[in-house]
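Q: To start, I am sharing the structure in question, which I have written as structure tokens.
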There are 2 protein chains.
Amino acid sequence: MEERKKKILRAIVDEYIETAEPVSSNTIVQKYEPNISSATVRNDMAELEKIGYIEKTHTSSGRVPSAKGYRLYVDELLKYDDISLEEIKYIGEKLETKVNQLEELTKITTSTISEITHYTTVSVGPESSKQNIEEIKFVMLGSRMLMAIIVTELGLIKETIIKFDEDITQEQVDTLTRLFNNKLKGKPIEMIDKPLEEYIFNELHYSINIIKTIIEEIRKMIKQDERIYLEGRNKNFDLPEFKSLDTARNFVNVLDENDTMLDILKSGVADDIQIYIGDENKSEELKDFSVITFKHSVANKDMGTIGIIGPKRMNYSKVISVMKYINKILNDNEDNNRKEGN
Amino acid sequence: MEERKKKILRAIVDEYIETAEPVSSNTIVQKYEPNISSATVRNDMAELEKIGYIEKTHTSSGRVPSAKGYRLYVDELLKYDDISLEEIKYIGEKLETKVNQLEELTKITTSTISEITHYTTVSVGPESSKQNIEEIKFVMLGSRMLMAIIVTELGLIKETIIKFDEDITQEQVDTLTRLFNNKLKGKPIEMIDKPLEEYIFNELHYSINIIKTIIEEIRKMIKQDERIYLEGRNKNFDLPEFKSLDTARNFVNVLDENDTMLDILKSGVADDIQIYIGDENKSEELKDFSVITFKHSVANKDMGTIGIIGPKRMNYSKVISVMKYINKILNDNEDNNRKEGN
DNA sequence: CTTAGCACTCTTTCTGATTGACTGCTAATA
DNA sequence: TATTAGCAGTCAATCAGAAAGAGTGCTAAG
């Protein structure tokens with residue numbers, strides 16, 4: 001495509017991202033290309049429309065980027081350095097805080113991104129079931145209750161409370177702890193399963209119910225950790241596309257559908273930014289929105305996925321810049337931690 | 001007030017709750033009082049308006065209840081038996097599930113109420129800081145990390161992870177466990193405080209930092225447990241008052257303000273249903289809504305507070321009936337548990 | 001290939017007229 | 001004295017038509 005057409009397309013997308021109004025040939029001349037006439041712009045726009053990069057809302061309206069136009073824009077026309085010094089400083093301060101738990105870090109990262117980009121941000125932590133177990137502890141909290149604590153090699157800590165219908169003894173608990181650790185050390189959490197149940201029962205001789213309950217509850221815990229963090233739910237309400245109550249309701253609804261959100265977040269590829277524009281989203285309900293996901297990892301370890309949801313005309317440049325920068329900071333922090341010998 | 005006027009006021013509120021449209025004298029005659037003429041109703045309505053129970057939206061419109069009208073309605077005109085057999089059955093099934101943690105019960109109760117009433121429902125669990133400690137456990141999860149577990153007399157279990165900048169030994173942990181338990185058994189969690197820090201440091205001789213960190217992290221955990229459960233956020237979107245985008249946005253905003261919500265939930269009185277209609281709410285943002293809160297307790301123990309948020313014309317009768325019934329069920333379940341010797 | 005100029009299209013906004021749902025009031029009635 | 005029928009008056013909601021304005025597409029000239 002000729003350079004000038006590219007520039008015009010880019011101007012249209014930039015302008016539309018800013019104003020949410022169809023862009024006219026005159027606007028382009030005044031704000032972006034003062035050295036050519038509006039008629040020339042019109043001619044180019046007619047061609048850009050013919051090949052499907054822009055659209056009209058009605059016969060005599062200005063142009064609006066099409067999904068294909070946004071696609072070209074993010075693929076070829078965009079620079080990812082749209083982040084200010086203040087923002088860099090702010091991110092640094094936020095992520096500096098020392099946190100005891102991975103989950104807390106996920107939470108802070110989520111809210112930081114939402115604050116800077118002004119878009120709704122969702123995230124899930126790393127998938128615990130794939131992580132390798134470093135140690136399992138059982139702590140008695142009463143004659144019929146214990147807490148199971150799993151520490152993974154990545155430093156993730158999961159715990160759950162287990163209640164029984166019969167009494168258990170400290171001796172039994174010690175035996176269980178030994179057996180579980182023997183079998184599971186270095187293995188992924190998802191190994192805690194039916195076969196394990198049989199193995200443990202064969203080694204011991206007391207109540208199968210206790211063993212069953214323990215494994216059941218741990219499995220329940222794994223399921224549960226698909227917790228979604230959500231920040232800035234109301235941010236989008238200020239955008240003009242939310243004038244339509246249908247859009248607003250649709251948006252609130254889709255955010256509340258845990259499964260849809262999980263689906264989006266989980267489909268990412270490690271260390272890669274994915275952009276879904278409008279119809280490119282799997283979910284029908286998201287056809288009027290764009291979603292950017294980033295499955296980030298630190299030192300080659302999965303750290304969960306972050307997703308940003310905004311209108312199709314979202315500020316891709318800013319969002320992607322912020323994501324890249326945050327990933328860098330997280331990796332730097334991790335490196336420093338390691339050097340300190342932690 | 002004459003009986004007929006009361007009946008008319010009640011009819012106006014009932015009708016308005018159902019339709020969200022100003023109620024005309026004709027409607028009253030047709031649906032509620034077939035034996036009097038619309039002119040008579042108009043005369044009564046004029047008087048009800050004069051004393052402030054109903055209002056007009058414009059000169060020739062039907063009438064709408066005023067805040068004062070709703071107040072009289074809930075205080076004097078309402079019967080609380082608005083719950084069907086199906087609903088009773090549904091509630092029974094939902095609350096029957098055995099749960100390991102109090103928090104899970106709060107969650108289930110919240111979602112059940114929201115499903116039956118079709119209003120947005122929020123809740124907080126019991127205030128853990130007031131609860132008495134039955135036992136504290138410290139579990140080592142590494143040379144610089146341990147988990148603190150607090151079991152309260154009410155059966156609430158809180159745990160947190162604590163990281164240190166220096167190594168600790170199992171022996172130190174055992175000593176700490178002994179000291180903490182000696183000092184705190186039977187005392188409320190909020191006793192974990194500065195003076196305790198000094199006491200423990202005087203008994204031991206090693207790093208004040210370890211002790212400081214432990215107490216700090218436990219205090220952080222207590223703060224954190226002011227977690228709000230929210231269900232049915234989008235339920236209200238189907239109501240006609242949400243046609244106005246401002247109302248909708250306002251609603252989403254206020255729900256996301258943790259402090260406002262906590263404030264509302266905490267201001268309740270034990271075992272009492274509180275109704276805040278429109279302006280009666282402390283928060284300006286809630287002036288177009290009504291909030292009903294219920295701080296429920298089981299066997300005299302605080303079990304947290306539930307709040308329901310809806311339009312001013314919310315179905316008070318249904319909501320209050322459901323709340324009362326759920327409280328009854330929870331108490332019955334607790335009684336049964338005690339009889340079983342748990 | 002670019003540009004000026006103009007006709008044409010479509011949205012937006014405003015106006016005025018019409019309809020219909022109410023009320024309040026008056027005068028008649030039980 | 002309390003109720004009611006009847007009617008005039010008020011206001012919101014809806015619709016059609018007019019006018020304005022923002023754009024485009026096309027033609028013809030540079």
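The values are calculated or read from the model by the stated rules, or taken from the named source; none is laboratory data. Quick caveat, the model's predicted, so the values are computed rather than measured. We place every Cβ from the backbone using ideal geometry, glycine too, and count neighbours over all the protein chains shown.
Q: Taking the criterion of being among the acidic types (Asp, Glu) and not assigned by TED's automatic domain parsing to the domain that holds A:ILE306, would at least one residue in the range A:96-116 satisfy it?
A: Looking for residues that are among the acidic types (Asp, Glu) and not assigned by TED's automatic domain parsing to the domain that holds A:ILE306, one finds none in the range A:96-116, hence no.
Q: Residue by residue through the range A:1-43, note down the ones that are surrounded by 17 or more Cβ atoms within 10 Å (Cβ to Cβ), hydroxyl-bearing (Ser, Thr, Tyr) and part of a helix (DSSP H, G or I).
A: Residues satisfying the conditions are A:TYR16, A:SER25, A:THR27.
Q: Still on this structure, please answer the following. In the range A:96-121, which residues are free of Cβ contacts under 8 Å to residues at least 12 places away in the same chain and of a type in the set (Lys, Arg)?
A: Listed by number, the list holds a single entry, A:LYS98.
Q: Still on this structure: Taking interchain pairs and intrachain pairs at least six residues apart, which have beta carbon atoms under 9 angstrom, with the first residue in the range A:258-278 and acidic (Asp, Glu) and the second part of a helix (DSSP H, G or I) and buried (at least 17 other Cβ atoms within 10 Å of the Cβ)?
A: Qualifying pairs under 9 Å: A:ASP271/A:ASN327.
Q: Quick one: count up the residues across the range A:31-41 that are more than 15 Å from A:GLU2 (Cα to Cα), within 12 Å of DNA strand D (Cβ to nearest atom) and more than 39 Å from the chain's Cα centre (by Cα).
A: 3
Residue by residue, here is whether (1) surrounded by fewer than 14 Cβ atoms within 10 Å (Cβ to Cβ); (2) at pLDDT 95 or above; (3) within 16 Å of DNA strand C (Cβ to nearest atom) holds:
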| residue | (1), (2), (3) |
| --- | --- |
| B:GLY52 | yes, yes, yes |
| B:PRO65 | no, yes, yes |
| B:VAL74 | no, yes, no |
| B:TYR80 | no, no, no |
| B:GLU103 | no, no, no |
| B:VAL122 | no, yes, no |
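Q: On to the next question. If you take the residues of the range B:10-31 that are more than 13 Å from DNA strand C (Cβ to nearest atom) and in contact with a helix residue (DSSP H, G or I) (Cβ under 6 Å, 6 or more places away or on another chain), which of them is nearest to the other protein chains (Cβ to nearest Cβ)?
A: B:VAL13
Q: Tell me the residue from A:LYS89, A:LYS98 that is more than 16 Å from DNA strand C (Cβ to nearest atom) and either under 15 Å from A:LEU9 (Cα atoms) or at pLDDT 95 or above (or both), please.
A: A:LYS89
Q: Is there a residue being out of contact with any Phe, Trp or Tyr (no Cβ under 6 Å at 6 or more places or on another chain), of a type in the set (Phe, Trp, Tyr), part of a loop (DSSP other than H, G, I, E, B) and more than 10 Å from DNA strand D (Cβ to nearest atom) anywhere in the range B:47-60?
A: yes
Q: Find the strands (runs of 3 or more DSSP E) located wholly in the range B:198-309 whose residues include 2 or more that are within 14 Å of another protein chain (Cβ to nearest Cβ), charged (D, E, K, R) and surrounded by fewer than 18 Cβ atoms within 10 Å (Cβ to Cβ), and list them.
A: The strands (runs of 3 or more DSSP E) meeting that bar number zero.
Q: Provide a single number: the residues in the range B:116-164 that are more than 12 Å from chain A (Cβ to nearest Cβ) and under 30 Å from B:LYS89 (Cβ atoms).
A: Total meeting the criteria: 11.
Q: Shifting gears a bit: Between a first residue in the range B:129-150 that is among the acidic types (Asp, Glu) and in a strand (DSSP E or B) and a second residue that is buried (at least 19 other Cβ atoms within 10 Å of the Cβ) and at pLDDT below 95, which pairs have beta carbons less than 7 Å apart while being 6 or more apart in sequence or on different chains?
A: Final answer for the pair search is B:GLU134/B:VAL151; B:GLU134/B:THR152; B:GLU135/B:VAL151.
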